[in-house]
Protein chains: 2
Amino acid sequence: MAEKDSSSDRGGSKRSAKPTINDVARLAGVSKKTVSRVINRSPLLNEETRERVEAVIRRLGYVPNPQARALALGRNFLVGLIHDNPNAQMVLNVQQGILEALQGTDFEMVVRPVDRNSSMMLDDVRAFLERQRLFGVVLLPPISEDDSLARLCDEVGCRYVRMGSVQLDDAAHMVASNDREAVREAITYLIQMGHRLIGLIEGPDGFRSARERRLGFEDALSTAGIGLPRSLIAAGNYTFETGVSAANRLFDLSPRPTAIFASNDEMAAGIVYAARERGVSVPDDLSVIGFDDTPIAAHIWPPLTTVRWPIVSMARSAARKLVGDVVDGEAPDDQPSMLASMLIRRGSVAPPPRT
Amino acid sequence: MAEKDSSSDRGGSKRSAKPTINDVARLAGVSKKTVSRVINRSPLLNEETRERVEAVIRRLGYVPNPQARALALGRNFLVGLIHDNPNAQMVLNVQQGILEALQGTDFEMVVRPVDRNSSMMLDDVRAFLERQRLFGVVLLPPISEDDSLARLCDEVGCRYVRMGSVQLDDAAHMVASNDREAVREAITYLIQMGHRLIGLIEGPDGFRSARERRLGFEDALSTAGIGLPRSLIAAGNYTFETGVSAANRLFDLSPRPTAIFASNDEMAAGIVYAARERGVSVPDDLSVIGFDDTPIAAHIWPPLTTVRWPIVSMARSAARKLVGDVVDGEAPDDQPSMLASMLIRRGSVAPPPRT
DNA sequence: ATTGCTCATGACACCGGTTTCCATTATGAC
DNA sequence: GTCATAATGGAAACCGGTGTCATGAGCAAT
């Protein structure tokens, strides 16, 4: 310890020295490179040599050092998840999907929540990407809708795949669902039940998902020849609380809508909550449809009819796009870029009251 | 490309060569070592030299390569989160706490969900730890209660900190809350409201959190001199569904309990759901208290009175324990090992009905 | 026997940092 | 002015892998 430049290694760690590729090579009587070939399943390798080396590897319990590999290869084995989504279940589902795709590979997932309202957001992400030199990132909505983030990834040479409600990028960089079509179906279902006065609680301005869902809503109504007064559209921002207040605004309308579609389940749960507060019965007086099919949808009373967003599959597909060609030579667009949502019918929809 | 050992680098990546420490050294007219000293804030360095080097670093936008650092230092900068907790909000809160603690350090967080029911679990985790050579891991309940996991970490030389409902390990390896005391308070509150027939929906067998919460429940009753018939205790496993079925079992009792405490919010939400199904009014006919204060608690009707588990602070504290001494020479037990829960009073508790 | 080819393997440099060890320079005491 | 000492900076080794290229063996064709 001639120089105390850095913090000293506090002695305790009795981490028994891990065997290295050199140890394996020496004991097997071959060169490092040959061991490296065994590890990487090189085809041009004598079967007998391979077995001898593998035996030594097993005996020593040798595991290649990922840091060294990362350095030598000039890339690491980290896939990042960048998100600013407040919905815990959604984020966790995405993590699950990514991890499923990474299962059995050398890749790990690192998670990076960001604050889209911060002016530093882009700088933060840039610093993160440059520092960590991630292999690639998955971008979760709503921040995935931001083109400047995608450009940033390009700039720093980091692969990316965006998830979203609509195709915003080419197939290699995008996994989308078709929200518009799914909402159209849901609203058509309400219309078939007899509803004519249907309210909409929108997602926040500037979110593509919000816009797509609204477009699906409008499509269904205009196809059925039903007009849509401005007053039936209430603003929300995907939180439970705005669901409550938007619902209250719609309840004050006269005539009152007999059904409300909320652009996500949180807000739909807010509608149900507000209805209880006001003594409005769901579904007898009011039908409610949400979007996402997060657990809350099934766990409130009455259980919510909602559109299931195929979030886990989307995430899995996104991660495969990212690492597929490295892992098994698969082309990045072998993975689907468009996945379908589906309507889940539960107890929050009924025909409108007779009055 | 003489040898096609590994998958070829698909050409596209026009990642402009990142500046290295050599570039900085050359342009600043100093040696690598000097640049390294600047990066690591070595004190024995001429002020003028430092400034010159820093200027070059800024000009080049140089960022040290973490992989190379990890290799040279013999440790990486990854903190793992190992969990098998099905509660999304809880997992995400823990992630948030860990990331807060890691903020501004060179550490990143990798997430590893495991399946505690799999016989391969320990082997999987061992493979994970050995492969990735993580700096340390945070263990989330319920799997954190498993001593064999902690022993495994010791064995492979990986630091760990366990989170839990009771002190299961020494202060350097544990961050706990005091569930027992918190539940005692909650039940005492029910007793003060006049309840005498109080049901309990337990967490799964073998979970320390479940046991501690039950002990707190029993403590409060016996302190108040209230007996606890076996029939008032129903089994659950922390899921919404078992909350529903356990509640139904308690509803069939005669006399029916006037209050039920559930060992977590999911199950408490199940009670409220079941009550609605049966036409039992909460809180008029039945008071309900949950545990955790996850968002669902505030988002159902009526909003749940519950015990807030200080999960974010616990996670932050756990992560600081892990990296503290490396980051700023802080002793690992400068961080608290015990954090307090608190009762959040909302709308699901009222005095018992007169009858 | 010589040439030409393929196959299996090894020597060696390299990735980008940190550390060791030594050389040089600056400082201060005499 | 000289010498001892401390402050500073550089050369080279090292961390543990991978890539490049050379080499020797084995074998078929000439």
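The values are calculated or read from the model by the stated rules, or taken from the named source; none is laboratory data. As the structure is a computational prediction, the values presented were derived from the model and not from experiment. Virtual Cβ from ideal backbone geometry, glycine too; neighbours counted across all protein chains shown. Protein only, heavy atoms only, side chains kept; ligands, DNA and RNA dropped before computing areas. Shrake-Rupley method; radii C 1.70, N 1.55, O 1.52, S 1.80 Å.
Between A:Pro229, A:Pro310, A:Pro336, where does the largest GNM mean-square fluctuation fall for chain A, given springs only between Cα atoms within less than 10 Å?
For chain A, modelled as a Gaussian network with Cα springs under 10 Å, the answer is A:Pro229.
In degrees from 0 to 90, rounded to the nearest 10, what is the angle of the helix A:121-132 Cα long axis to the longest principal axis of chain A?
With rounding to tens, the tilt is 20 degrees.
What part of the accessible area of segment B:21-64, given as a whole %, is carbon or sulfur when the probe is 1.4 angstrom?
49
State the extension gain, in nm to one decimal, for the chain segment bounded by B:Arg59 and B:Ala224, taking 0.36 nm per residue of separation less the distance between their alpha-carbons.
52.3 nm
Suppose all protein chains stay in the model; what accessible area per residue would a 1.4 Å probe give for segment B:21-64, in Å²?
Normalised by residue count, the accessible surface of segment B:21-64 is 60 Å².
Quick check on chain B: helices-only [θ] at 222 nm, where DSSP H runs of length 4 and up contribute -39,500 (n - 2.57) each and the sum goes over total residues. Nearest 500, please.
For chain B, the value works out to -13500 deg cm²/dmol.
Compute the angle between helix B:240-251 and the longest alpha-carbon principal axis of chain B, please, reported from 0 to 90 degrees and rounded to the nearest 10.
20
Which residues of segment A:109-141 end up with at least 30 Å² less accessible area in the presence of all protein chains than when their chain stands alone, using a 1.4 Å probe?
A:Met109, A:Val110, A:Val111, A:Arg112, A:Glu130, A:Arg131, A:Gln132, A:Arg133
When ranked by the protection proxy of mean other Cβ atoms within 10 Å per residue, highest first, what sequence do the peptides A:244-257, A:93-106 form?
A:93-106, A:244-257
Angle, helix A:265-278 long axis vs. longest principal axis of chain A, Cα atoms, 0 to 90°, nearest 10?
So the helix axis and the longest Cα principal axis differ by about 40 degrees.
Taking the Cα atoms of segment B:54-186, report the difference between the largest and smallest coordinate on each principal axis, in whole Å and largest first.
Result for segment B:54-186: principal-axis Cα extents of 61, 35, 27 Å.
Label segment B:179-309 by shape, choosing from rounded, prolate and oblate, from the square roots a ≥ b ≥ c of the eigenvalues of the Cα gyration tensor; if a/c is under 1.5 it is rounded, and otherwise prolate applies when a/b is larger than b/c, oblate when it is not.
Since a/c stays below 1.5, the shape of segment B:179-309 is classed as rounded.
What are the nm distances, shortest first, from A:Arg249 to its equivalents in the other copies, labels at 7 Å along Cα→Cβ?
In nanometres, ordered from closest: 4.7.
Given N residues in the protein assembly as shown, what is Rg(Cα) / (2.2 N^0.38 Å)?
Compactness ratio reported: 1.07.
At 1.4 Å probe size, with the rest of the protein present, what percent of the exposed accessible area of segment A:179-309 is carbon and sulfur atoms?
Result for segment A:179-309: 48 percent of the exposed heavy-atom area is carbon or sulfur.
Measuring nothing but label to label, 7 Å from Cα along Cα→Cβ, what are B:Arg196's distances to the other copies in nm, shortest first?
Nearest to farthest, the other copies are at 5.8 nm.
Taking each residue of A:36-47 in turn, how many C-beta atoms of other protein chains fall within 10 Å of its C-beta, and what is the average?
That average works out to 2.
Could you tell me the extents of chain B's C-alpha atoms along the three principal axes, largest first, rounded to whole Å?
Principal axes ranked by extent give 90, 49, 37 Å for the Cα atoms.
Which residue, B:Pro113, B:Pro204, B:Pro43, tops the fluctuation ranking in a GNM of chain B built on C-alpha contacts under 10 Å?
B:Pro43
Using only the alpha-carbon atoms of segment B:21-64 as identical scatterers, what base-10 log of I(q)/I(0) does the Debye formula give at q = 0.28, 0.34 Å⁻¹?
At q = 0.28, 0.34 Å⁻¹ the computed log10 ratios are -1.00, -1.45.
Can you give the accessible area buried between chains B and A, summed over both chains, with a 1.4 Å probe, in Å² to the nearest 100?
Counting both chains, the buried surface is close to 5800 Å².
If you take every DSSP beta bridge fully contained in the protein assembly as shown, what fraction is antiparallel? Give it as a percent rounded to 5.
Of the beta bridges lying entirely in the protein assembly as shown, close to 10 percent run antiparallel.
Can you list, shortest first in nanometers, how far A:Ser281 lies from the same residue in the other copies, with each label 7 Å from Cα toward Cβ?
1.5
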